[in-house]
Amino acid sequence: MPKDESPERANPVGTGFDGILLYPGFLEEAAQRALIVEIKAVFETSSPYRPHMPRTGKPWSIHQANFGPLGWVSRPDGYGYAPVNEATNRPWPAIPEALLRLWDEVADYPAPPECCLVNLYDTPKSRMGLHRDEDEEALDAPVVSLSLGDTCVFRVGGFARSDKSASFRLSSGDVLVIGGASRLRYHGVDRVIPGSSQLVPGGGRINLTLRRVTKPV
Ligand code: MD3
Ligand code: FE
């Protein structure tokens, strides 16, 4: 019998939210390590920075970076997408091939992602408050998220900030696909659990979020 050449993939599990699928351990450890090496190499020339809240100017508790033709940025006048990294005056580095393949495998969308936002939860205080991802035109496209490193407590709510919410854990190698009715739900990261993974040198969590920004022509 010929050997099946398609890699063994975890099956998605439901999260209790329509349109949100969790693939536990989608990437094996070797693939996670390879991505960390690649990401760190890119950061030698395009350093992560600490974003600030629009208007108030309050610094976030995480660092961010972008890959791809459009980067998600926080500016004094609001959030949005930009083709150039203001800090370097250069386009953002390309999205790593492994992440483009990941999108092809799980997104079920006829166009590639344009933004890979990198969130670095690099201190025990790092978190992300409840918010909605609504700066994209292509709201029919899912958001695909890959977690690396320390486990986090992730929170998903409803369509108003005060709606009831539920939390679950995201561990290294887990992939979350958020689409359909849930694309505009409130969500956030309550906290990371220090020491829960040895993957990231120096500890912490890295989240990679793939998004389609413009409507495909
Ligand atoms: C659920 N990042 O960058 S990714 C973000 O882990 C962001 O760093 C989080 O939220 C992180 O905007 C979560 C998973 C995710 C992304 C979008 C969602 C979950 C979502 C949209 C609706 C519901
Ligand atoms: Fe988000």
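Rg/Rh for the range 7-211 (Cα atoms only, Rh after Kirkwood) is 0.92. The simple Förster model, with R0 at 25 Å and r as the Cβ-Cβ distance, assigns Ala30 and Ala111 a FRET efficiency of 0.30. Extending 7 Å from Cα along the Cβ direction at Glu137 and again at Ala94 yields two label points whose distance is 2.5 nm. Write out the GluC sites (Glu not before Pro) in the range 15-78 meeting two conditions: DSSP loop, and at most 16 other Cβ atoms within 10 Å of their Cβ. Answer in residue order: Glu28, Glu44.
What residues of the range 65-91 lie in the reach of a label at Val217, counting those whose backbone N is under 18 Å from a point 7 Å from the Cα along Cα→Cβ? Under cut-off, by backbone N: 69-70, 83.
About the centre of its Cα atoms, the range 170-214 shows a dipole size close to 220 debye [charges on the beta carbon of Lys, Arg (+1) and Asp, Glu (-1) only; nearest 20 debye].
FRET efficiency for the Gln198 to Ala166 pair, using the beta carbon distance and R₀ = 45 Å, is estimated at 0.95. Dipole of the range 93-165 computed with +1 at Lys/Arg Cβ and -1 at Asp/Glu Cβ about the Cα centre; of Ala111, Val143, Phe154, farthest Cα towards the positive end is Phe154.
Only sites in a loop by DSSP and with at most 16 other Cβ atoms within 10 Å count here; which chymotrypsin sites (Phe, Trp or Tyr not before Pro) in the range 88-156 make the cut? Filter output for the range 88-156: empty list.
Shape analysis of the range 124-164 places it in the oblate category; the axes a ≥ b ≥ c from the Cα gyration tensor give an a/c of at least 1.5, with a/b not above b/c. Look at the alpha carbon pairs under 8 Å that are at least 6 residues apart: their mean separation over the length of the range 1-94 gives a relative contact order of 17 percent. Applying the criteria of a DSSP loop state and at most 13 other Cβ atoms within 10 Å to the GluC sites (Glu not before Pro) of the range 53-122 yields Glu86.
Every number here is computed from the coordinates shown, using simple stated rules; none is lab data. Not measured: the values here are computed from a predicted model. Glycine also receives a Cβ, built like all others from the backbone with ideal geometry; neighbour counts cover every protein chain displayed.
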